[in-house]
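Engineer: Questions regarding the structure given below will be posed in turn.
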Amino acid sequence: MTVFASPASWIESDAVAQCHQVAALDGMVHVAAMPDLHPGKGAPIGAAMASTVLYPFLVGSDIGCGIAVFPVRLKRAVPEKLAARFPDLDRALDPERDADDPAWAVVKGDIPAGHLEGLGTVGRGNHFVELARIGTIFDPGHASRLELAAGDLVLVVHSGSRGLGERILRAHTEVHGAGPAPDPGDYLAQHDDAVRWGSLNRRLLAARVAHALGFEPAEPIVDQCHNLVEIRDGIYLHRKGAAPGDGRDVLIAGTRGTPSYLVAAHAGAHAGHSVAHGAGRKMSRADALRRGRAKHTVEELRRTPVGSVVVCGDRQLLFEEAPTAYKRIEQVIADLVEHDLATPVATTVPLVTYKTPEQRDQRDQRDQRDRRDHRRKRGRA
């Protein structure tokens, strides 16, 4: 087992213990832990685990979860105004009720596994849709190849396979628990459907937002799944919160109040051909909720240190997903660079982060607050 983190990084002992437990499983060849490592339900999050045996629980229930980045063409981006125009991404698209929705244009062919439940929704937890601006460019040549320049707008979508992946894992665990897949081929066929579904869902989410905000949907410039298993050299490489790092571009998510990093990943076999997928939790949800309520107000969490707006009608989720609940993204990136796993290309700075829809009274309160702030600023000018 190898942990790709420096002494300055926050790595919980419980997460390391989980890695050791996984390393002791039958057939396990190597466990590579990323700097965003933190404890998960039965298995660590932020790890790539290579084994001669396929273990579905090491991938987890959100098979196909990943992050995609889409180019955005908007003339003006005023966070407060755009936040109010985000569609309700808790409301699934229905083929009959929403037959005329233009977002369907991104669907080419059949829906994987015919799974319509939750289609076009973002989900809870750490999932989000974020309008962001390209900030610092570290590698102009690479950024240019991606047709990105400082100041450009992008849409970052982090979501997975919703109920489909959960259904697949539950069917396995009800019979086999945390044991291996008795028929790897059957599991992989279902798994691959969930991976395709997750990628399609990210495109649908992006298209829904594009039409609501007034720009044309585009193909993603990055779309990497970080919950999956693949076969490499006859070995099952399980990734749980670890992005493919074998020569691919990856968006490593920061928090709602910090930049994210677009990197060129070049991790080898010693790192499970993987890189971190985000900042990684520093606090459990219960701790974040308890400490956050003592330290922050709801209003503070809806307006971040970088000036962005958070759209979230679930107050508990606001505290659970507060920036302080996560590790420093700068340290995670520094660890990847130090271990020669990735090279930073550019940062994305949040403008609007969507988690869940706000209720009407919440929107009214926010609009009133924005008008008061605007009047105060004009008075000081």
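The values are calculated or read from the model by the stated rules, or taken from the named source; none is laboratory data. Bear in mind that the values here come from a model prediction, so they are computed numbers and not experimental data. Glycine also receives a Cβ, built like all others from the backbone with ideal geometry; neighbour counts cover every protein chain displayed.
Engineer: Scan the range 90-109 and report the pairs whose first residue is part of a loop (DSSP other than H, G, I, E, B) and whose second residue is exposed (fewer than 12 other Cβ atoms within 10 Å of the Cβ), with Cβ atoms within less than 8 Å and a gap of 6+ or a chain change.
Structural biologist: Between residues of the range 90-109 that are part of a loop (DSSP other than H, G, I, E, B) and residues that are exposed (fewer than 12 other Cβ atoms within 10 Å of the Cβ), the close pairs are Ala92/Glu117.
Engineer: If only one of Ala212, Ala178, Ala207, Ala194 is within 15 Å of Asp110 (Cβ to Cβ) and modelled with pLDDT of 95 or more, which one is it?
Structural biologist: Ala194
Engineer: Pairs under 6 Å by beta carbon, first residue among the charged types (D, E, K, R) in the range 172-198, partner at pLDDT 95 or above, six or more apart or different chains?
Structural biologist: Note: pairs meeting the criteria are Asp193/Pro112; Asp193/Ala113; Arg196/Pro112.
Engineer: Pick out the one residue from Leu289, Leu301, Leu228, Leu237 that is assigned to a strand (DSSP E or B), among the aliphatic types (A, V, I, L, M) and in contact with a helix residue (DSSP H, G or I) (Cβ under 8 Å, 6 or more places away or on another chain). I'd like the intermediate steps shown before the answer.
Structural biologist: Values: Leu289 fails: assigned to a strand (DSSP E or B); Leu301 fails: assigned to a strand (DSSP E or B); Leu237 fails: in contact with a helix residue (DSSP H, G or I) (Cβ under 8 Å, 6 or more places away or on another chain).
Testing whether each residue is assigned to a strand (DSSP E or B), among the aliphatic types (A, V, I, L, M) and in contact with a helix residue (DSSP H, G or I) (Cβ under 8 Å, 6 or more places away or on another chain) leaves just Leu228.
Engineer: Within the range 26-52, how many residues are more than 25 Å from Arg202 (Cβ to Cβ), surrounded by 17 or more Cβ atoms within 10 Å (Cβ to Cβ) and of a type outside the set (Gly, Ala, Ser)?
Structural biologist: The qualifying residues number 4.
Engineer: While we're looking at this one, here's another question. With the condition kept exactly as written, say whether any residue in the range 101-109 is under 22 Å from Gly254 (Cα atoms) and surrounded by fewer than 16 Cβ atoms within 10 Å (Cβ to Cβ).
Structural biologist: Taking every residue of the range 101-109 in turn, none turns out to be under 22 Å from Gly254 (Cα atoms) and surrounded by fewer than 16 Cβ atoms within 10 Å (Cβ to Cβ).
Engineer: Right, here's the next one. Identify the single condition in (1) closer than 22 Å to Leu164 by Cα; (2) β-branched (Val, Ile, Thr); (3) surrounded by fewer than 24 Cβ atoms within 10 Å (Cβ to Cβ) that Val229 does not satisfy, given that it satisfies every other one.
Structural biologist: (3)
Engineer: Considering only the range 12-37, state which residues are more than 13 Å from Ala271 (Cβ to Cβ) and small (Gly, Ala, Ser).
Structural biologist: Ser13, Ala15, Ala17, Ala23, Ala24, Gly27
Engineer: Here's another thing I want to ask about it. Among the candidates Ala43, Ala77, Ala32, Ala5, which residue alone is among the aliphatic types (A, V, I, L, M), part of a loop (DSSP other than H, G, I, E, B), farther than 22 Å from Ser161 by Cα and in contact with a helix residue (DSSP H, G or I) (Cβ under 6 Å, 6 or more places away or on another chain)?
Structural biologist: Details: Ala43 fails: farther than 22 Å from Ser161 by Cα; Ala77 fails: in contact with a helix residue (DSSP H, G or I) (Cβ under 6 Å, 6 or more places away or on another chain); Ala32 fails: part of a loop (DSSP other than H, G, I, E, B).
It is Ala5.
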